[in-house]
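Read-outs throughout are calculated quantities, based only on the coordinates presented, and are distinct from any laboratory measurement. Not measured: the values here are computed from a predicted model. No Cβ is skipped: glycine too gets one built from the backbone with ideal geometry, and neighbour counts run over all protein chains shown.
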Amino acid sequence: MAKLSCDFRFFLIPAAFLFIYIQMRLFTTQSEYADRMAEAVDAEHHCTSQTRLLIDQISMQQEQIVALEEGKKRKDQECAQLKALINDLEKKALQRIINKTQVPVAAVVIMACNRADYLERTVASVLKYQSSVASKYPLFISQDGSDPNVKTKALSYYNQLTYMQHIDYDPVHTERPGELIAYYKIARHYKWALDELFNKHNFDRVIILEDDMEIAPDFFDYFEAAAALLDKDKSIMAVSSWNDNGQKQFVYDPYALYRSDFFPGLGWMLTRSTWNELSPKWPKAYPSWLNNHKGRQFLRPEVCRTYNFGEHGSSMGQFFQNYLQPIKMNDIKVDWNSQDLSYLLEDKFAKYFAGILKMAKPAMCVFSIEINQTLKTLHGNLEFLKNGRTAYQGQHIKE
């Protein structure tokens with residue numbers, strides 16, 4: 001019995017060591033597990049934090065996207081409202097200046113580009129005589145490009161005229177070396193503006209002015225009287241208020257009108273039917289197309305009804321001193337409604353002009369310094385018209 005008790009105690013000692021070892025291992029394992037659990041909790045917290053941060057960023061981006069979409073919608077709505085407003089203003093502007101019971105004689109368009117001071121002078125001259133006949137001659141300004149001073153000046157007349165703007169970013173390729181790009185841009189602007197007035201606004205006639213011109217007191221009465229001839233006689237291609245040889249020393253009769261075989265320009269009127277013919281074959285530059293008129297002629301006065309003060313422009317003033325500055329503009333108001341202009345019709349003008357020549361009397365020439373100077377000037381004019389007619393016309397459509 002004593003032997004069994006001794007053997008049992010002998011086994012208790014290893015069992016105690018084993019128990020202690022197992023407890024130590026369990027403690028170590030629990031410590032490692034606790035550390036790993038702590039790391040996992042920390043990782044979970046970090047992951048949760050990152051997730052929340054990502055969710056916040058996504059939410060902010062979504063809010064920004066929503067804000068941008070709402071902003072885009074607002075901008076689209078504002079653009080639509082602005083377009084509607086522009087159309088409404090344009091209609092109201094036309095309604096203010098056009099009497100619905102009266103068909104306009106012609107729209108008047110001032111072609112402008114980048115000379116705000118010139119434009120102001122031209123508009124002042126036109127409004128001086130147009131205001132009383134605004135229902136007959138609705139006024140437009142057509143600007144080529146985006147010069148801010150010209151646009152501001154044009155819009156300042158919002159209750160007296162309608163503003164149009166031509167924006168063209170297409171590159172210009174000249175057909176011949178040395179040509180000025182400006183004349184190609186001018187040609188594009190003219191075609192656009194005339195298409196707008198004839199096709200969009202449906203005017204039957206259009207009078208074209210430039211932003212460096214003043215008009216005579218009877219400018220509008222003259223065109224109203226000529227409009228009837230333009231409609232009646234299809235051999236008349238256009239009516240001009242200009243005489244290339246209208247310098248002060250060469251003209252005296254403000255009542256005299258003539259038919260011309262070449263296009264005078266600088267303040268002229270044409271009809272929708274003529275434009276429908278010309279628009280599809282509009283040239284890339286220069287107005288020489290008007291001289292290819294298929295036997296038709298132009299009406300012009302002896303004394304100009306416009307004056308061109310544009311010393312600075314696309315032509316760089318090269319013709320101003322000799323040919324433009326000395327021009328005489330009519331300064332009396334002729335009652336054109338009381339004038340019988342039937343002599344200008346194709347079947348009567350040849351006889352009328354022959355009568356003028358028949359009544360002409362030879363003038364005795366006194367060869368003085370003054371006469372010689374006059375002859376030189378006349379010779380210069382003839383040479384200019386002979387050698388530079390096309391260039392002259394092109395370089396006097398200025399912006």
**Message:** Please list 3J(HN,Hα) in residue order for the stretch 242-247, calculated via the Karplus relation 6.51 cos²θ - 1.76 cosθ + 1.60 where θ = phi - 60°; whole Hz, with x for glycine and proline.
**Reply:** 10, 10, 4, 9, x, 5
**Prompt:** Mind listing the phi-derived Karplus ³J(HN,Hα) values for the stretch 214-225, rounded to whole Hz, using 6.51, -1.76 and 1.60 with θ = phi - 60°, and x for any glycine or proline?
**Reply:** 10, 10, 7, x, 9, 4, 6, 5, 4, 5, 5, 5
**Fill in**
Listed by chain and number, the residues whose amide H is under 5 Å from that of Asp211, excluding neighbours fewer than 5 places away on the same chain and using placed H, are Met111
**Item:** Members of Lys248/Lys333; Lys128/Lys200; Lys151/Lys333; Lys191/Lys328; Lys136/Lys185; Lys136/Lys333 lying beyond 24 Å, as alpha-carbon distances in this model show
**Value:** Lys128/Lys200; Lys151/Lys333; Lys191/Lys328; Lys136/Lys185
**Asked** Going by a ≥ b ≥ c, the root eigenvalues of the Cα gyration tensor, does the stretch 199-275 fall in the rounded group (a/c under 1.5), the prolate group (a/b larger than b/c) or the oblate group?
**Response** prolate
**Asked** If each residue's Cβ is checked for other Cβ atoms within 10 Å, how do His46, His166, His201 rank with the fewest at the top?
**Response** His46, His201, His166
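What is the extension gain from Leu341 to Lys284, computed as 0.36 nm multiplied by their sequence separation minus the C-alpha to C-alpha distance, in nm to one decimal? Let's see the in-between values first.
Numbers: separation 57, 0.36 × 57 = 20.52 nm, distance 3.61 nm.
Full-extension gain reported as 16.9 nm.
Suppose the chain between Glu32 and His45 were pulled fully straight at 0.36 nm per residue; how much longer would it get relative to their current alpha carbon spacing? Intermediate values should be presented prior to the final figure.
Working: separation 13, 0.36 × 13 = 4.68 nm, distance 1.95 nm.
Gain in length upon complete extension: 2.7 nm.
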**Prompt:** Under a 5 Å amide H to amide H cut-off, with H placed in plane at 1.01 Å, what residues pair with His166 once short-range neighbours are removed?
**Reply:** Gln143, Asp144, Gly145
**Request:** Report ³J(HN,Hα) in whole Hz for each residue of the stretch 347-357, in order, from the Karplus equation J = 6.51 cos²θ - 1.76 cosθ + 1.60 where θ = phi - 60°; Gly and Pro get x.
**Result:** 7, 10, 5, 4, 5, 4, 5, 4, x, 4, 5
**Request:** Collect residues whose amide H, placed 1.01 Å from N in the peptide plane, falls under 5 Å from the amide H of Gln297; neighbours closer than 5 in sequence don't count.
**Result:** Ile236, Met237
**Fill in**
The distance between the Cα centres of the stretch 190-221 and the stretch 117-163, in whole Å, is 12 Å
